[in-house]
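Structure first, then comments.
The values are calculated or read from the model by the stated rules, or taken from the named source; none is laboratory data. Fair warning: this is a prediction, and the values are worked out from it, not measured in the lab. Backbone-built Cβ (ideal geometry, glycine too); neighbour counts: all protein chains shown.
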Amino acid sequence: MSRPTAIALVFLFAAAGAGVAGIVWRRAEIASEAAGLRPGLDAADVGARLEAAEAITRLRARWLAPELADLRPLVVKRLADTIVDGDVETRARAAEALAAWGPDATDAIVELLGSDDDQVRIHAAWACSLAPGPATIPTLRDRVKDGRPEVRSYALDALGRMPMPRLDEEAIADMIFRAWKDPVPLVQNAAAEALVRQGVITGLPILAKNVKDPLARFWVRYDAYRRLRGCFARANKSLPDYVASAPVPTRSKQADAVLEAVFSDRDLQRGIVDQLQVFKNQIMTATKWTVFFMGRHIVPELVARIRAEESNGTVRKHAAELLADLSDPALARPDFYRNARPTVEQIALPALRDELTRRAEQPRAAWPPNESNVLLDVMRALGHLGDASDVARLTPWMSSPDADLSIRAITAVARIGERLDGPAAIDALRALDATGERATERDAAITRLTR
C-alpha cells in the first residue's frame, strides 16, 4: 500500500469514528432532553402537559431517536386527552402534534373519531387529514356521513390524500354523492378535490360550479379557488400519467374531454377573471394562480378584458399583468410556459400591439382608468414576445414624460434587441442611443445589448 493511500485511509477511518461518536453523543443528549421533559407530561395544568408533549413531538420529528419510543404511548395519550378536555386553541395544537406521530397515533385518532362530542370529532378528523393512514379508512368512511359539515370535510380531505389504489368503488361512490348532493358547498368542494386526487377527474366541474356561483359566500368561492388551483396544478403537470395512475380504468374514461371542457368553460373563465376586482388579498392571490394554471385556455378572456374599455380598470390592469406573466419564462413553470406561449403569441400579441398603438395616438386625458398600469404590463409582455417590428412601436414611448412608461419601454426594447441579429439588432441599438431621456436606464440597456 502506498503512503498517500495509507494516509487517506487513516483520515477516512478517523472521520468515520468521529461520525459514530457524534451520533452516540447526540443520542445521549436526546435521551437526557426527553428525560427532562418527562415530568411535564404529568403536570396538573393542561397547557404545561401540552407544551411537554409538543416538545417531545418536535424531538421525534427531528431525530426519530429510539430513545423516544418508550414515551410514545404516554405522549399520544396526553395529546388525545387534550383534544377531549382542552379549549379551542389547545385542541388545535394537540391535533397538529398528534398528526405528527403518524401511524403511532392511528388507534387514538380512530377512538377520537367515534366520540359523541362534535369538537372532538372535528379536531380528530383534522388531525387525520394532516397525516392520513390506511388503517383509518373504515372510520373515515363513516365520518363522511357525520352530522357536522366540518367533520365531513376533513374526513373527505383525508380520504382524498390516501395513496391510490386504497379506496374501493363504494368509497368513491360516497365521495361522488357528497360532491353533488351535500347541502354544504364547502363539503362539496372537499369531496370534489378528493375525487380528483383519487383520479376521478370529473370532480372538477363541481369546483367550477362553486367558483363561478355569484350567490356563493366569499369563503365558498375562495375555498373552491384554492382547491381548483391544486387540481389544475396536478392535472397540468402530467394529465396522462396522473389519470393512468387511477386504480380503476373507467375512472380515466373521457378525462381529457372533461378537463378540456372545464378549462374552456367561458362562464367559468368570466367568473374567475371577475374576481380580479375583489379587494381581498387571499381571493386575489388565489384567482391569479388559478388563471395562471389555466394557461392557454383563459388567454382569450384576458385579451377581451384588455380590449373592453368599459371593463373595470383593476381587472384590465391585472389581465395585462397575467398575460405578461404567462409570456415570461422566468416566472412561468416550464410546462405551463410551453403550454401557454403559442396561444399568447397567436391571440394576445396582436391585441397588445393594438393597445400600445392606440394609446400612443390618444391624449392621456382620453385614456380609461388605470391605463398607465395596463401599458406597463403590455410593454413587459412585448419585451418577452416582441420582434423587430415592436422596436418602432416602443420607440416613441421611450421619450414619454411618464418616467415609469419611459423606463419600461427602454427595458422592453433592450430585451427585444437581445434576441435580434444583424441589422435588426443595430436598429434596436440606434433607437436606444437616440433616446434623450432616462440616461441612466438607457446606458444600462445599451450596455446589456452590446455585451
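Hey, among the residues in the stretch 59-83 that are modelled with pLDDT under 80 and among the basic types (Lys, Arg), which one's nearest to residue 99 (Cα to Cα)? Can you show your working first?
Applying the first criterion (modelled with pLDDT under 80) to the stretch 59-83 yields 59-71.
Checking which are among the basic types (Lys, Arg) leaves us with 60, 62.
Details: 60: 12, 62: 15 Å.
Here the residue is 60.
Any idea which of 113, 98 is surrounded by 18 or more Cβ atoms within 10 Å (Cβ to Cβ), at pLDDT 90 or above and of a type outside the set (Asp, Glu)? Full working, then the answer.
Working: 98 fails: at pLDDT 90 or above.
Only one candidate qualifies: 113.
Tell me which residues, restricted to the stretch 302-316, are at pLDDT below 85 and not hydrophobic (A, V, I, L, M, F, W, C).
Of everything in the stretch 302-316, those that are at pLDDT below 85 and not hydrophobic (A, V, I, L, M, F, W, C) turn out to be 309, 310, 311, 312, 313, 314.
Do we find a residue being outside any helix (DSSP H, G or I) and at pLDDT 75 or above anywhere in the stretch 284-301?
First pass over the stretch 284-301, keeping only residues outside any helix (DSSP H, G or I): none.
There is no residue in the stretch 284-301 that is outside any helix (DSSP H, G or I) and at pLDDT 75 or above.
Those residues that are part of a helix (DSSP H, G or I), over 32 Å from the mean Cα position of the chain (by Cα) and of a type in the set (A, V, I, L, M, F, W, C), I need them from the stretch 343-372; list them, please.
356, 360, 365, 366, listed by residue number.
State which residue pairs qualify: first residue closer than 23 Å to residue 416 by Cα and inside the stretch 349-372, second residue surrounded by fewer than 12 Cβ atoms within 10 Å (Cβ to Cβ) and hydroxyl-bearing (Ser, Thr, Tyr) in any location, beta carbons under 9 Å apart, and separation of 6 or more residues or different chains.
353/389
Sort out which residues of the stretch 327-350 are modelled with pLDDT of 85 or more and crowded, with 18+ Cβ neighbours inside 10 Å, and write them in order of number.
Scanning the stretch 327-350 gives 348, 349.
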